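Bear in mind that the values in this text are calculations on the coordinates, not laboratory data. Bear in mind the structure is a predicted one, so any value in this text is a computation, not a measurement. All Cβ positions, glycine included, derive from the backbone under ideal geometry; neighbour counts span all protein chains shown.
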Amino acid sequence: MTTESGKLFNLIRQRRSVRRFSSQKIDRDILKQCVEAARLAPSAENVQPWRFLIIDDESVKEKLVQHAFTGVYSATRWAAKAPVIVVLLAELDVLANRIGKQITGINYYLIDMGIAGEHFVLQATELGLGTCWIGWFSARGVRKALNLPKKYRPVELLAVGYPDVDKFKDKRRRTLQEICWFNKIER
């Protein structure tokens, strides 16, 4: 098998989960570029359920951290040191996300949010930012800290900033033979 070498493949290889950030502020235009990349993601029935609440004010971020990373969720408190926390919110529609789930059992909005979030992350990587997906947080705490309207559901958080690490260790990844088959599952 040949080694992939395209721009996108190299960007994907470069992306890492970053948990240590420099204190350098992020220009809002750079963050908007990341949201623009996310905005272009596909979604079920083109409902585009994603909304991005960017927290870059220290006092708002402190309140968010106090409520989102408390108790059993305190292991994620490291995110407080990220210059920005992006709250990915879902605004659910009736057809794809309510009726569709009842018929198929699939929460399409979660797939849509994952695709849009990864578009954001890849754009951030290309712009020199580090990110980390955070799924371990109190959704109720996020809702309370940010006084969110009921129509928005907190789905994920992204810690965003310039990495405070020069070199990343490569994590072991499963081989293609372990995860990919053609026409039948190989045991």
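So the values come out like this:
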quantity: Residue within segment 67-75 that is in contact with an Asp or Glu (Cβ under 8 Å, 6 or more places away or on another chain) and of a type in the set (A, V, I, L, M) present; calculated: no
quantity: Filter result for the condition that a residue is out of contact with any Ser or Thr (no Cβ under 9 Å at 6 or more places or on another chain), farther than 20 Å from D57 by Cα, hydrophobic (A, V, I, L, M, F, W, C) and buried (at least 17 other Cβ atoms within 10 Å of the Cβ), over V165, V142, V155; calculated: V155
quantity: Selection status of V65, crowded, with 17+ Cβ neighbours inside 10 Å and either over 18 Å from G128 (Cα atoms) or among the charged types (D, E, K, R) (or both); calculated: yes
quantity: All positions within segment 31-50 that are of a type outside the set (S, T, N, Q), surrounded by fewer than 16 Cβ atoms within 10 Å (Cβ to Cβ) and in a helix (DSSP H, G or I); calculated: K32, E36, R39, E45
quantity: Check on P83, under 17 Å from the mean Cα position of the chain (by Cα), surrounded by fewer than 19 Cβ atoms within 10 Å (Cβ to Cβ) and in contact (Cβ under 8 Å) with a residue 12 or more places away in the chain; calculated: no
quantity: Count of residues meeting criterion [of a type in the set (S, T, Y) and under 20 Å from D93 (Cα atoms)] in segment 133-156; calculated: 1
quantity: Residue pairs meeting the criteria (Cβ under 8 Å; at least 6 apart or on separate chains; first within 30 Å of L11 (Cα to Cα) and in contact (Cβ under 8 Å) with a residue 12 or more places away in the chain, in segment 131-148; second β-branched (V, I, T) and assigned to a helix (DSSP H, G or I)); calculated: T131/V121; T131/T125; W133/V121; I134/T76; W136/T76; F137/T76
quantity: Condition met for L176 (of a type in the set (A, V, I, L, M, F, W, C), closer than 19 Å to L31 by Cα and in contact (Cβ under 8 Å) with a residue 40 or more places away in the chain); calculated: no
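Okay, residues lined up against (1) closer than 16 Å to V35 by Cβ; (2) touching a helix residue (DSSP H, G or I) at 6+ places or on another chain (Cβ under 6 Å):
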| site | (1), (2) |
| --- | --- |
| T76 | no, no |
| A80 | no, yes |
| V86 | yes, no |
| R143 | no, no |
| R153 | no, no |
